[in-house]
1. For residue A:137, work out the one condition from (1) free of Cβ contacts under 8 Å to residues at least 24 places away in the same chain; (2) facing chain B (nearest Cβ under 7 Å) it doesn't fulfil.
2. Looking at B:137, B:159, B:103 in this structure, which one is in the same structural domain as residue B:247 (by TED's automatic domain parsing), surrounded by fewer than 18 Cβ atoms within 10 Å (Cβ to Cβ) and not basic (Lys, Arg)?
3. Select from segment B:167-225 the residues that are facing chain A (nearest Cβ under 9 Å) and in contact with a Phe, Trp or Tyr (Cβ under 7 Å, 6 or more places away or on another chain) and write down the one among them that is farthest from residue A:127 (Cα to Cα).
4. Being within 30 Å of residue B:118 (Cβ to Cβ), of a type in the set (Gly, Ala, Ser) and more than 7 Å from chain A (Cβ to nearest Cβ) is the filter here; which residues of segment B:269-298 pass it?
5. Among the residues of segment B:52-74, are any among the charged types (D, E, K, R), in a helix (DSSP H, G or I), more than 30 Å from residue B:192 (Cβ to Cβ) and without any contact (Cβ under 8 Å) to a residue 40 or more places away in the chain?
6. Failed condition for residue A:146, given (1) more than 9 Å from chain B (Cβ to nearest Cβ); (2) part of a loop (DSSP other than H, G, I, E, B), with all others met?
Amino acid sequence: MATAAVPAGPPKKGRSKGMSERRLAALMVSPSMILIGIVAAYPIGYAVWLSLHEYSVRVAGLSRWAGLKNYTTALGDSEFWSAVKVTFIFTGGSVFFETLLGLAMAMAMHAAFKGQGLLRTVVLVPWAVLTVVTAIMWQTIFEPSLGFVNSLLGAVGLPNDTVWLGESPEALIVMIIADVWKTAPFMALLLLAGLQVIPNEIYEAAKVDGATAWQRFVRITLPLLKPALLVALIFRTLDALRIFDLPFVLTKGANGTTTLSLISYETFQTNRILGLGSALAILTFIIVMIVSFVYIRFVGGNIRGMAEE
Amino acid sequence: MGAASIGRADVLNQDEADVATKKQKAPSEGTPWWMWVAVAAIVVFCLFPFYWLINISLRTGPDLSSSSIVPPNPTLDNYTSIFKNGDFTRALLNSAIVSLTVTALSLVVGSFCAYALARLKLRGKVFILGLVLSITTFPAIAIAAPLFKLWTDIGLFNTLPGLIIPYLCFSLPLAIYILVSFFREIPRDLEEAALVDGATNFQAFTKIVLPLAAPGMATTAILTFIFAWNEFLLAVTLTSSPKARTVPAAIAFFTGSTEFEKPLGTISAASVVISIPLVLLVLLFQKRIVAGLTAGAVKG
């Protein structure tokens with residue numbers, strides 16, 4: 001970001017009244033910083049503390065130092081690794097398909113010039129609908145007897161008795177489909193905004209030079225869309241890694257859909273095993289941080305640019 | 001910050017300017033037929049699942065085991081029954097209180113912070129923005145576990161303030177981030193004129209920047225409201241009874257009007273009802289929402 005180094009401050013001379021600018025800035029920033037400290041930093045610190053202790057399930061308040069025991073328990077537990085696997089398959093699958101679909105939708109919206117306002121409104125519906133409602137919606141669509149999917153399959157002569165949410169890979173597939181439906185539009189809107197800043201002259205020039213539509217897409221659209229694409233990818237990946245609502249409502253984690261957030265919730269909330277549950281939450285946190293670090297380090301310096309802009 | 005050179009009128013009519021750029025790029029040849037197919041496909045893809053939900057919500061009894069594309073005997077029974085359900089109306093009220101409080105607090109506190117970050121001299125700006133941005137990527141589960149214990153200990157478990165406080169953890173960074181990008185779009189000359197005339201920085205903020213930033217504030221309010229209305233993980237972790245449950249949490253624990261009835265019809269009706277405020281927001285403020293979602297994302 002070339003602009004990063006130019007914090008062209010407002011004129012500071014000739015002001016005798018009021019406090020100094022830096023002091024005012026510090027005052028204006030501090031309520032937010034204090035609040036964020038209380039609601040983000042403190043709980044995370046406390047989670048680390050909890051994760052290093054063992055809590056009695058029977059006697060409230062009774063705890064003892066456990067060192068890294070909760071972590072070794074978690075890391076030695078096949079359920080944890082299965083949750084890691086499920087979370088990554090879900091993230092990979094949904095981010096991949098929603099990027100493809102989002103890109104296709106963005107290109108169609110960009111080209112479809114007349115109904116764009118209407119399209120943007122329509123596309124915002126899945127984005128705005130609550131995730132819980134999204135889950136219920138797809139539950140009704142994949143419901144064995146009254147769902148649309150089985151009746152469609154039956155109509156074209158395919159087996160129509162699949163209990164979608166009751167079987168192992170199927171439940172995860174439904175979860176991915178629901179997520180793609182909900183978030184591809186968000187992707188499409190971000191990418192559409194990216195497409196709109198590409199000057200049309202470039203395409204015209206390429207056309208004159210005889211480039212095919214595919215060549216124009218690969219050589220012009222994709223490279224110029226890269227910044228918007230990366231931002232969208234990062235947002236979506238980090239979002240997908242913490243998925244909780246969809247498996248909670250669709251299957252309660254049954255049939256191979258227990259994700260990292262869900263396994264942690266079940267451990268500390270449902271089963272009241274605080275120490276282990278906190279360790280699982282911290283592990284989830286670390287995994288998300290590693291992924292975001294990898295993204296920023298290897299695929300996009302532009303996130304830094306965004307922060308510095 | 002190239003925004004300083006943008007004319008005032010452009011900023012005030014950002015959406016119109018946006019539309020204008022699109023118009024220039026309109027293909028001169030008419031829209032080909034496959035474009036209409038693509039448009040129709042998008043519309044069906046986005047709206048069909050919602051239609052199916054409505055379709056199911058209009059059925060009771062035996063109709064709930066047929067998969068016809070329209071309800072055989074459409075009825076509003078599910079809708080009347082959920083509004084007779086005290087837990088559901090309570091949840092609606094809880095959701096409204098929580099979402100509106102979170103929105104108001106985030107706007108007030110966040111706009112101060114965003115203005116300082118967008119305009120004033122301050123050490124550690126990049127650090128603060130980086131922090132704010134990284135918090136939006138936090139998995140909520142990391143604060144849910146400790147808050148569950150903490151709230152139980154100090155009596156905030158299963159209360160509305162117990163939800164409002166942690167929601168700020170995510171809504172405040174969101175508000176700050178969007179507002180910073182909006183404040184930067186406002187031309188500096190007006191503020192500078194005021195400063196020359198002897199106004200303080202704070203007066204310049206309240207008297208000049210805030211009124212100009214009204215559209216940005218509206219966008220931020222809508223997005224924060226949607227976040228709070230939709231939030232689920234903290235809502236189920238930090239509550240245990242209808243007393244403090246918000247609608248998403250209430251629906252997840254819904255058991256229908258009678259215990260033995262398949263509650264899919266009522267759940268669908270409740271889902272439709274709680275989506276209505278969101279659909280209305282989208283219909284009324286489509287441009288604002290898109291502007292907020294894409295703020296910063298393409299400029300990077």
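The values are calculated or read from the model by the stated rules, or taken from the named source; none is laboratory data. Just so we're clear, the structure is a prediction, and the values are computed from it rather than from any experiment. Every residue, glycine as well, gets a Cβ built from its backbone with ideal geometry; the counts of neighbours run over all protein chains shown.
1. It fails just one condition, (1).
2. B:159
3. Among those residues, the one meeting the criterion is B:205.
4. Of everything in segment B:269-298, those that are within 30 Å of residue B:118 (Cβ to Cβ), of a type in the set (Gly, Ala, Ser) and more than 7 Å from chain A (Cβ to nearest Cβ) turn out to be B:291, B:292, B:295.
5. Kept after step one, since they are among the charged types (D, E, K, R), are these residues of segment B:52-74: B:59, B:63.
The next check asks that each one be in a helix (DSSP H, G or I); those that pass are B:63.
Of the ones still in play, those that are also more than 30 Å from residue B:192 (Cβ to Cβ) are B:63.
Those still in the list that are without any contact (Cβ under 8 Å) to a residue 40 or more places away in the chain too: B:63.
For segment B:52-74, residues among the charged types (D, E, K, R), in a helix (DSSP H, G or I), more than 30 Å from residue B:192 (Cβ to Cβ) and without any contact (Cβ under 8 Å) to a residue 40 or more places away in the chain: present.
6. (1)
One line per residue, one yes/no per condition, for (1) within 21 Å of residue B:278 (Cα to Cα); (2) touching a residue at least 12 places away in the same chain (Cβ under 8 Å); (3) outside the structural domain of residue B:107 (by TED's automatic domain parsing):
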| site | (1), (2), (3) |
| --- | --- |
| B:171 | yes, yes, no |
| B:175 | yes, yes, no |
| B:184 | no, yes, no |
| B:188 | no, yes, no |
| B:192 | no, no, no |
| B:202 | no, no, no |
| B:213 | no, yes, no |
| B:216 | yes, yes, no |
| B:221 | yes, yes, no |
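Yes or no, residue by residue, for (1) at pLDDT below 90; (2) not hydroxyl-bearing (Ser, Thr, Tyr):
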| residue | (1), (2) |
| --- | --- |
| B:103 | no, no |
| B:116 | no, yes |
| B:125 | yes, yes |
| B:151 | no, yes |
| B:155 | no, yes |
